[in-house]
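Everything below concerns the one structure shown next.
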Amino acid sequence: MRTAFILALLLTSFSGAHGELAPIRLPVPQTDGGKPLMQAIQQRKTTREFIPGKLSRQQLSNLLWAAFGINRPGTGHRTAPSAMNSQEVDLYVALEEGLFLYNAKSNSLSPVLELDLRTKTNGQSFAKDAAAVLIYVATLPRLEKSKPETRMFYAGIDTGCIVQNVYLFCASEDLATVVYDLNRPPLAEAMKLAPEQNVILAQAVGFPK
């Protein structure tokens with residue numbers, strides 16, 4: 001029994017070694033500081049030129065929390081609104097080392113694919129130079145209180161609210177960002193999404209050139 005426990009511990013300790021994509025536990029987001037809101041709005045802009053580089057774990061945590069994290073732990077409500085609190089939009093995070101899914105409750109990144117999908121979202125150079133590409137994916141059945149014909153409409157609005165949060169965060173932190181449309185079917189196939197999951201938009205974040 002003790003031998004089995006030690007073996008399991010060793011396997012856990014070395015998960016992610018030899019190229020295996022491992023979960024990322026993010027540090028507690030820093031929810032104070034930054035530029036004043038009106039200054040961030042004044043400096044909000046789209047930038048398509050990035051200097052290659054990686055965001056720190058703290059920067060990733062702050063970015064994702066600002067985008068669609070939980071700001072009211074007692075209710076699980078988020079930093080961006082969603083229709084009827086459906087929270088139908090998931091944030092997939094494409095990094096150089098692979099694709100992850102943001103888990104707001106645990107403030108962590110769950111591994112999805114050990115594949116750099118940044119350039120699959122856009123053929124332009126900014127996609128590969130960005131530190132991270134956020135891929136917004138809506139699971140439409142979560143909008144169970146709305147009519148089926150209006151669900152994509154709501155998903156688009158809810159994604160737009162998250163997009164603006166990211167823009168304001170980047171303005172506050174002197175980061176660059178651009179939101180863009182993309183070729184959805186091949187990306188959804190590469191991400192191995194379920195039929196009820198719909199790619200809405202992508203947004204690159206990184207260091208300005």
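The values are calculated or read from the model by the stated rules, or taken from the named source; none is laboratory data. Not measured: the values here are computed from a predicted model. In this analysis, Cβ positions are derived from the backbone assuming ideal geometry, glycine residues included, and neighbour counts consider all displayed protein chains.
A count restricted to the stretch 139-181 and to residues that are within 28 Å of residue 34 (Cβ to Cβ) and not hydroxyl-bearing (Ser, Thr, Tyr) stands at 20.
Among the residues of the stretch 32-73, those identified as in a loop (DSSP other than H, G, I, E, B) and farther than 17 Å from residue 134 by Cβ are 32, 33, 34, 35, 36, 45, 49, 52, 73.
Among the residues of the stretch 19-28, is there at least one that is small (Gly, Ala, Ser) and in a helix (DSSP H, G or I)? Yes; the residues of the stretch 19-28 include at least one that is small (Gly, Ala, Ser) and in a helix (DSSP H, G or I). Quick one: would you say residue 119 is of a type in the set (S, T, N, Q) and assigned to a helix (DSSP H, G or I)? Yes, satisfied.
The combined condition, being more than 20 Å from residue 116 (Cβ to Cβ), surrounded by fewer than 18 Cβ atoms within 10 Å (Cβ to Cβ) and out of contact with any strand residue (DSSP E or B) (no Cβ under 6 Å at 6 or more places or on another chain), is not fulfilled by residue 190. Within the stretch 53-69, the residues that satisfy the criterion of being surrounded by fewer than 17 Cβ atoms within 10 Å (Cβ to Cβ) and either of a type outside the set (Ser, Thr, Tyr) or at pLDDT below 95 (or both) are 53, 54, 57, 58.
Among the criteria (1) closer than 24 Å to residue 21 by Cα; (2) aromatic (Phe, Trp, Tyr); (3) not in a strand (DSSP E or B), the one residue 167 does not fulfil is (1). Annotation note: of 23, 52, 29, the sole residue that is under 30 Å from residue 145 (Cβ atoms) and in contact (Cβ under 8 Å) with a residue 12 or more places away in the chain is 29. For the stretch 130-161, the set of residues classified as in a helix (DSSP H, G or I), over 14 Å from residue 199 (Cα atoms) and either without any contact (Cβ under 8 Å) to a residue 12 or more places away in the chain or under 14 Å from the mean Cα position of the chain (by Cα) (or both) consists of 148, 149, 150, 161, listed by residue number.
Scanning the stretch 170-187 for residues that are buried (at least 20 other Cβ atoms within 10 Å of the Cβ) and in a helix (DSSP H, G or I) yields 170, 171, 172, 187.
Output yes when any residue across the stretch 74-81 is charged (D, E, K, R), surrounded by 16 or more Cβ atoms within 10 Å (Cβ to Cβ) and part of a loop (DSSP other than H, G, I, E, B), and no when none is. Scanning the stretch 74-81, I find no residue that is charged (D, E, K, R), surrounded by 16 or more Cβ atoms within 10 Å (Cβ to Cβ) and part of a loop (DSSP other than H, G, I, E, B), so the answer is no.
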